[in-house]
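The values are calculated or read from the model by the stated rules, or taken from the named source; none is laboratory data. Because the structure is predicted, anything quoted here is derived from the model rather than measured. Virtual Cβ from ideal backbone geometry, glycine too; neighbours counted across all protein chains shown. Just so you know, the surface numbers come from the protein's heavy atoms only, side chains and all, with ligands and any DNA or RNA stripped out. Shrake-Rupley method; radii C 1.70, N 1.55, O 1.52, S 1.80 Å.
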Amino acid sequence: MRAAVVPAGGEDFEHVERPVPEPDADEVRVAVEACGICHSDAFVVDGGHPAVEYPRVPGHEVAGAVDAVGENVTQWTVGDRVGAGWHGGHCFTCEPCRRGNFLGCENGDITGLTFDGGYAEYTTVPSEALAAVPDDLSAVDAAPLLCAGVTTYNALRNADLQPGDLVAVQGIGGLGHLGVQYAHAAGYETVAVSRSPDKESLATDLGADHFVDASETDPAAALQALGGADAVLATAPSSEAIASVVGGIGADGSVIVVGVPGESVAVDAQHLIGTAGAVEGWGSGDARDSQDTLEFSSLRAVTPEVETFPLEDVEAAYDRMIENEARFRVVLEP
Ligand SMILES: [Zn+2]
Ligand SMILES: [Zn+2]
């Protein structure tokens, strides 16, 4: 099979031919039809993640079909449409696993980081790390939903929100353009906050009820003028941008950070005290969360905007993502 391999952190991709991998007893072999390129793939490409070993095939937004199953696998059969995200399996025996918190597993795997991922024609995945992909969702559309989708969908559905609540999505990019769609589909009064005024019509098309141009307007004041946000989903990886919306939350509101900024965030503590508000973080979800995301996306026609590339063009595709030029997610089709 063909695969794009990172030989060591900081080195260029190598295009290799290698044998199709055999699944272990508890694994499934997936014929990869699409694999999203995510900013977190930089942990593998640049190095710096303590758990990564090289050479490594990146890719944790894997969508395809079951091609073979290990002898212990009863849940999946050849031909099933499946996907795998960042959460690449868990041990079932550590303390968080015993409490059902598989995302908190102390021995958890990461797809495309602790084992080879989807920048290849085939990969093997622990069976508990797979989500079923609905029939009406293409592999190309499903792939980014397995990371960018589950992150935003799961963050919103685990927040203390009700239909009609004022929910802002800050940053209209790879995560944010999905966050706006989920917020709208969930019945929230949805505000798109962006420093790019040219994104207003897109945000409106995606379901935003309001658009705040943060390059011209103080977003905190704008959100207060709308009554104060019950939640702000902060997707732009900028500490300045995150700090700028804290003053926009209303009573019991929260800023939910899903985009990781390089620096610490300065927070207006007085406003947090006055609102009993919070700044909190959220990370993706486990395989069932991913499947919920895919099912809801199918139900409500939530789809990512993607640019597709063949595996041979992985360098150009990765550069589009890392230079922040893609609109909005980049997907490889091996
Ligand atoms: Zn990701
Ligand atoms: Zn565990």
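Against the test of being outside the structural domain of V62 (by TED's automatic domain parsing) and at negative phi, the options S298, S290, S254 yield a single qualifying residue, S254. For the range 169-226, residues that are of a type in the set (A, V, I, L, M, F, W, C) and in a helix (DSSP H, G or I) total 12.
Selection of the range 237-255 for residues being open to solvent by less than 40 Å² (accessible area, probe 1.4 Å), in a strand (DSSP E or B) and more than 17 Å from T151 (Cα to Cα) yields I249, G250, G253. Within the range 213-236, the residues that satisfy the criterion of being surrounded by 17 or more Cβ atoms within 10 Å (Cβ to Cβ) and either without any contact (Cβ under 8 Å) to a residue 60 or more places away in the chain or among the β-branched types (V, I, T) (or both) are D213, A214, P219, A220, A222, L223, V232, T235. Tell me which helices (runs of 4 or more DSSP H) are completely within the range 256-334 and hold 3 or more residues being in contact with a helix residue (DSSP H, G or I) (Cβ under 7 Å, 6 or more places away or on another chain) and free of Cβ contacts under 8 Å to residues at least 60 places away in the same chain, or say none if there are none. Correct list: empty, since no element meets the threshold.
Considering every residue within the range 128-143, establish whether at least one is within 16 Å of ligand 2 (Cβ to nearest atom) and not acidic (D, E). Yes; the residues of the range 128-143 include at least one that is within 16 Å of ligand 2 (Cβ to nearest atom) and not acidic (D, E).
Based on this model, can you work out whether A34 counts as within 25 Å of the chain's Cα centre (by Cα) and closer than 22 Å to V140 by Cβ? In short, yes.
If you scan the range 3-17, which residues turn out to be surrounded by fewer than 15 Cβ atoms within 10 Å (Cβ to Cβ) and in contact (Cβ under 8 Å) with a residue 60 or more places away in the chain? Spell out how you get there, then give the answer.
Going through the range 3-17, the residues surrounded by fewer than 15 Cβ atoms within 10 Å (Cβ to Cβ) turn out to be 7-8, 10-12, 14-17.
Hits for the range 3-17 are D12, H15.
The residues of the range 52-99 that are among the small types (G, A, S) and either at pLDDT below 95 or surrounded by 13 or more Cβ atoms within 10 Å (Cβ to Cβ) (or both), listed by number, are G59, A63, G64, A65, A68, G70, G83, A84, G85, G88, G89.
Before we move on, is G108 open to solvent by 10 Å² or more (accessible area, probe 1.4 Å), small (G, A, S), within 16 Å of ligand 1 (Cβ to nearest atom) and at pLDDT below 95? Spelling it out, it is not the case that G108 is open to solvent by 10 Å² or more (accessible area, probe 1.4 Å), small (G, A, S), within 16 Å of ligand 1 (Cβ to nearest atom) and at pLDDT below 95. Contact map, the range 83-104: first residue more than 16 Å from S290 (Cβ to Cβ), second residue among the aliphatic types (A, V, I, L, M), Cβ cut-off under 9 Å, separation 6 or more or different chains; pairs are P96/L103. Could you tell me whether the range 38-46 includes any residue that is at pLDDT 95 or above and touching a Ser or Thr at 6+ places or on another chain (Cβ under 7 Å)? No, the conditions are met nowhere in the range 38-46.
Table: residues versus (1) within 11 Å of ligand 2 (Cβ to nearest atom); (2) within 18 Å of H49 (Cα to Cα); (3) not aromatic (F, W, Y).
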site: Q75; (1), (2), (3): no, no, yes
site: V82; (1), (2), (3): no, no, yes
site: H90; (1), (2), (3): yes, no, yes
site: C97; (1), (2), (3): yes, no, yes
site: C105; (1), (2), (3): yes, yes, yes
site: I110; (1), (2), (3): no, yes, yes
site: T114; (1), (2), (3): no, yes, yes
site: A120; (1), (2), (3): no, no, yes
site: T124; (1), (2), (3): no, no, yes
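Quickly run through the range 22-51 and pick out the residues that are surrounded by fewer than 18 Cβ atoms within 10 Å (Cβ to Cβ) and either within 16 Å of ligand 2 (Cβ to nearest atom) or assigned to a loop (DSSP other than H, G, I, E, B) (or both). Listed by number, the residues that qualify are E22, D24, A25, D26, D46, G47, G48, H49, P50, A51.
For the range 130-159, a residue qualifies if it is over 15 Å from the mean Cα position of the chain (by Cα) and assigned to a helix (DSSP H, G or I), and exactly one does: A139.
Does any residue of the range 152-175 turn out to be farther than 30 Å from A229 by Cβ and crowded, with 23+ Cβ neighbours inside 10 Å? Taking every residue of the range 152-175 in turn, none turns out to be farther than 30 Å from A229 by Cβ and crowded, with 23+ Cβ neighbours inside 10 Å.
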